[in-house]
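Below is one structure, written out as structure tokens; the observations come after it.
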Amino acid sequence: MSAQVRGWCPGAYRPMMSGDGLVVRVRPRLARLDRKQALGLCAAALQYGNGTIDLTNRANLQLRGVQQDDHETLLAELAALDLLDADPALETRRNILVSPFYDNDDLTVRLARNLTDRLEELPALPAKFGFAVDTGPVRMLAECSADIRLERGPTGLVLRADGAETGRAVTEADAIETAIALARWFSENRTPHLRRMARLIAAHPLPDIWHGTPVARDTAVCQPGPHDMGILYGAPFGQLDANALASLIQRTGAGALRVTPWRMFLLEGAAPADPGAFITQRGDPLLCADACAGAPFCPQAEVETRAIARALASRTRGSLHVSGCAKGCARSTPADVTLVGRAGRFDLVKHGRTGDEPAMRDLTPDDLLTLTDLT
């Protein structure tokens, strides 16, 4: 069975059918849910889904196992929690990734709000096309999925097309207008097969006006544990048990939840408490492991994924990606070890992606567990 690439991600109004029911995506504004919203989302996951919430690599939250008959009622619940745009078209366009550790009214917040207010001015764009507002003291989103990036340079703000080494100098006053102009350039030049910025500019020269200004080279790596704003928790494979998350919010007294694109979430003002299945230790090998939902939860998956990922995480030097099929939804970047499910077995790719040539084929889980060196 060949994997079907859908070319779009689930939303709230347009969910995606999976092996355990509908997948309904929630896009938190400014990557943040207040306490009432976070607990309300947990309750909705338990009432209308299977009690599991996915934390995606775009810092979105997905309710799984929603039945078709419950979808409209769930939308009403999300709207009551102010987690849903009234306009379905606006909700679809709101693909804005922000560096999550912002202050209440800093540059990141102002730019993201301004961009949100002007989404209706964007041209028609592919469903996965998105923006990153990465204007904190150091860059944090350079490896995260986005097509148009607002970053800091040595002397001020820089607007950069994903895939370009340099960008265009902008000010706060003209940054969003210029971002919209770059989106229009993309829309005018893209083809049905070039639906992301980096692929387009690799095939079609980017005009000089859009590059030439360097961006700051320093980047930061996020780690779980105590944080100036509270406590940062890792979620193995980005999976959040709604009961466990609600309990943790209540036990820590957290005032809000911030989501990140690194399978981690921050509880604002959290007091220390038993984290349960969530990760608070730096260097935990599960932080370097990505695995999709796998069989039987995804109809395209040809293997179960997360049990083998847990078993191999501590035995892998570096990053591990276990994919239920050739699509590689859980990770788009190369991993030190990538396992690709095929007809109940795995192909092993070393230092690459799911579509790369395997170093070994047709491995069973037992075969993988007996290998002395996966890398």
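Scan the stretch 205-227 residue by residue and report those that are more than 24 Å from the chain's Cα centre (by Cα) and either under 15 Å from Pro126 (Cβ atoms) or not in a loop (DSSP other than H, G, I, E, B) (or both).
So in the stretch 205-227, the residues more than 24 Å from the chain's Cα centre (by Cα) come out as 205-214.
If the condition is that a residue be more than 24 Å from the chain's Cα centre (by Cα) and either under 15 Å from Pro126 (Cβ atoms) or not in a loop (DSSP other than H, G, I, E, B) (or both), then Asp208, Ile209, Trp210, Thr213 are the ones that fit.
In a strand (DSSP E or B), buried (at least 18 other Cβ atoms within 10 Å of the Cβ) and either touching a residue at least 40 places away in the same chain (Cβ under 8 Å) or acidic (Asp, Glu) (or both) - does that describe any residue in the stretch 245-255?
no
Is one or more of the residues making up the stretch 54-68 part of a helix (DSSP H, G or I) and open to solvent by 40 Å² or more (accessible area, probe 1.4 Å)?
Yes, the stretch 54-68 contains a residue that is part of a helix (DSSP H, G or I) and open to solvent by 40 Å² or more (accessible area, probe 1.4 Å).
Of the conditions (1) out of contact with any strand residue (DSSP E or B) (no Cβ under 8 Å at 6 or more places or on another chain); (2) at pLDDT 95 or above; (3) within 19 Å of Asp147 (Cβ to Cβ), Arg93 fails just one. Which one is it?
(2)
Results for (1) surrounded by 15 or more Cβ atoms within 10 Å (Cβ to Cβ); (2) farther than 17 Å from Thr316 by Cα; (3) acidic (Asp, Glu), shown as yes or no for each residue.
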position	(1), (2), (3)
Gly328	yes, yes, no
Ala335	yes, no, no
Val340	yes, no, no
Gly344	no, yes, no
Lys350	yes, no, no
Arg353	yes, no, no
Leu368	yes, no, no
Thr372	no, no, no
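Report yes if Ala179 is in a loop (DSSP other than H, G, I, E, B) and either in contact with a Cys (Cβ under 6 Å, 6 or more places away or on another chain) or surrounded by 16 or more Cβ atoms within 10 Å (Cβ to Cβ) (or both), otherwise no.
On the way: in a loop (DSSP other than H, G, I, E, B): no; either in contact with a Cys (Cβ under 6 Å, 6 or more places away or on another chain) or surrounded by 16 or more Cβ atoms within 10 Å (Cβ to Cβ) (or both): yes.
Criteria not met by Ala179.
Mind checking which residues of the stretch 73-108 are of a type in the set (A, V, I, L, M), farther than 24 Å from Ile180 by Cβ, assigned to a helix (DSSP H, G or I) and open to solvent by 10 Å² or more (accessible area, probe 1.4 Å)?
Listed by number, the residues that qualify are Leu75, Ala76, Ala79, Ala80.
State which residue pairs qualify: first residue in a strand (DSSP E or B) and inside the stretch 338-350, second residue acidic (Asp, Glu) in any location, beta carbons under 7 Å apart, and separation of 6 or more residues or different chains.
Between residues of the stretch 338-350 that are in a strand (DSSP E or B) and residues that are acidic (Asp, Glu), the close pairs are Val340/Asp347; Gly341/Glu302; Arg342/Glu302; Arg345/Asp362; Val349/Asp356.
State whether the residues of the stretch 184-197 include one that is aliphatic (A, V, I, L, M), in a loop (DSSP other than H, G, I, E, B) and free of Cβ contacts under 8 Å to residues at least 40 places away in the same chain.
No, there is no match, as no residue in the stretch 184-197 is aliphatic (A, V, I, L, M), in a loop (DSSP other than H, G, I, E, B) and free of Cβ contacts under 8 Å to residues at least 40 places away in the same chain.
What is the one condition in (1) open to solvent by less than 10 Å² (accessible area, probe 1.4 Å); (2) in contact (Cβ under 8 Å) with a residue 60 or more places away in the chain; (3) farther than 16 Å from Ala235 by Cα that Ala309 does not satisfy?
Ala309 satisfies all of (1) open to solvent by less than 10 Å² (accessible area, probe 1.4 Å); (2) in contact (Cβ under 8 Å) with a residue 60 or more places away in the chain; (3) farther than 16 Å from Ala235 by Cα except (3).
Only one of (1) open to solvent by 40 Å² or more (accessible area, probe 1.4 Å); (2) within 19 Å of Thr333 (Cα to Cα); (3) more than 21 Å from the chain's Cα centre (by Cα) fails for Arg195. Which number is that?
(3)
The values are calculated or read from the model by the stated rules, or taken from the named source; none is laboratory data. These numbers were taken from a predicted model, which means no experiment stands behind them. With ideal geometry, Cβ positions are generated from the backbone for all residues, glycine too; neighbour counts draw on all protein chains shown. What goes into the accessible areas is simple: the full protein's heavy atoms, side chains included, and nothing from ligands, DNA or RNA. Shrake-Rupley method; radii C 1.70, N 1.55, O 1.52, S 1.80 Å.
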